[in-house]
Amino acid sequence: QVQLVESGGGLVQAGGSLRLSCAASGSGFTLKTMDWYRQAPGKQRESVASIVSGGGTNYADSVKGRFTISRDNAKNIMYLQMNSLKPEDTAVYYCHLLTWSHFEFWGQGTQVTVSS
C-alpha cells in the first residue's frame, strides 16, 4: 500500500509562485510514473505534469515554461514548482503514482487559489 500526502497549496496573487510537495510512503512497490493532476470547479481532472522512473518529464501545454516537476528519489518526495501563476491555475492539485504492476494511488489534494 502507498500513501501520498500533498502539501504547499495556498492563496497567491497572479504572477506569484508556489511549490507543491507530494510525500510517498509505503513499501513493496516499484515506481513507474508520478504525476500532478488538477481539477478546477466544474471541470474534469486534467494532467499537469508527469515524471517517469528514469527522470523524463512531460507537461501540459498550458503550464510549459512556468511549472517544473522534480523528484527526490532518496526522500520519495515529488515537487511541482509553479511560477508565473495565473487565475486559471486555480484548482485542487492531486498527486498520482502508478506502479509497474499497474496499481495507482492518489493523494487527498491540495487547494491552489490564484487571485487576479
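Give, rounded to the nearest 20 debye, the magnitude of the charge dipole that the chain has about its Cα centre when Lys and Arg contribute +1 at Cβ and Asp and Glu contribute -1 at Cβ.
So the magnitude is around 120 debye.
What do you get for trypsin sites (Lys or Arg not before Pro) in the range 1-95 restricted to DSSP loop and a cutoff of at most 11 other Cβ within 10 Å of the site's Cβ?
Answer by residue number: 43, 64, 75.
Take the chain, connect every pair of alpha-carbon atoms lying under 10 Å apart with a spring to form a Gaussian network, then pick out the residue of 73, 58, 83 with the largest mean-square fluctuation.
73
Any idea which of 41, 4, 22 is furthest toward the positive side of the dipole for the chain, if Lys and Arg beta-carbons carry +1 and Asp and Glu beta-carbons -1?
The residue sitting most towards the positive pole is 22.
From the residues 97, 63, 74, which one has its Cα farthest along the dipole of the range 46-116 in the positive direction, the dipole being from +1 and -1 charges on Cβ of Lys/Arg and Asp/Glu about the Cα centre?
74
In debye to the nearest 20, how big a dipole does the range 1-56 give about its Cα centre with +1 on each Lys and Arg Cβ and -1 on each Asp and Glu Cβ?
Result for the range 1-56 is approximately 80 debye, rounded to the nearest 20.
Could you give the Stokes-Einstein D for the chain in µm² per second, using the C-alpha Kirkwood radius, 20 °C, 1.002 mPa s?
151 µm²/s
State the number of lysine pairs found in the chain whose Cα atoms come within less than 21 Å, restricting to pairs 8 or more positions apart or on distinct chains.
4
Please report, as a whole percent, how much of the solvent-accessible surface of the range 4-81 comes from carbon and sulfur atoms (probe radius 1.4 Å).
46 percent
State log₁₀ I(q)/I(0) for the range 48-93 at q = 0.20 Å⁻¹ as given by the Debye formula over alpha-carbon point scatterers of equal weight, solvent excluded.
-0.68
The values are calculated or read from the model by the stated rules, or taken from the named source; none is laboratory data. Please read these numbers as outputs of a predicted model, since none were measured by experiment. Neighbour counts are summed over all protein chains in view; Cβ atoms, including those assigned to glycine, are modelled from backbone coordinates with ideal geometry. Areas reflect the complete protein model, heavy atoms only, side chains present, ligands, DNA and RNA absent. Shrake-Rupley method; radii C 1.70, N 1.55, O 1.52, S 1.80 Å.
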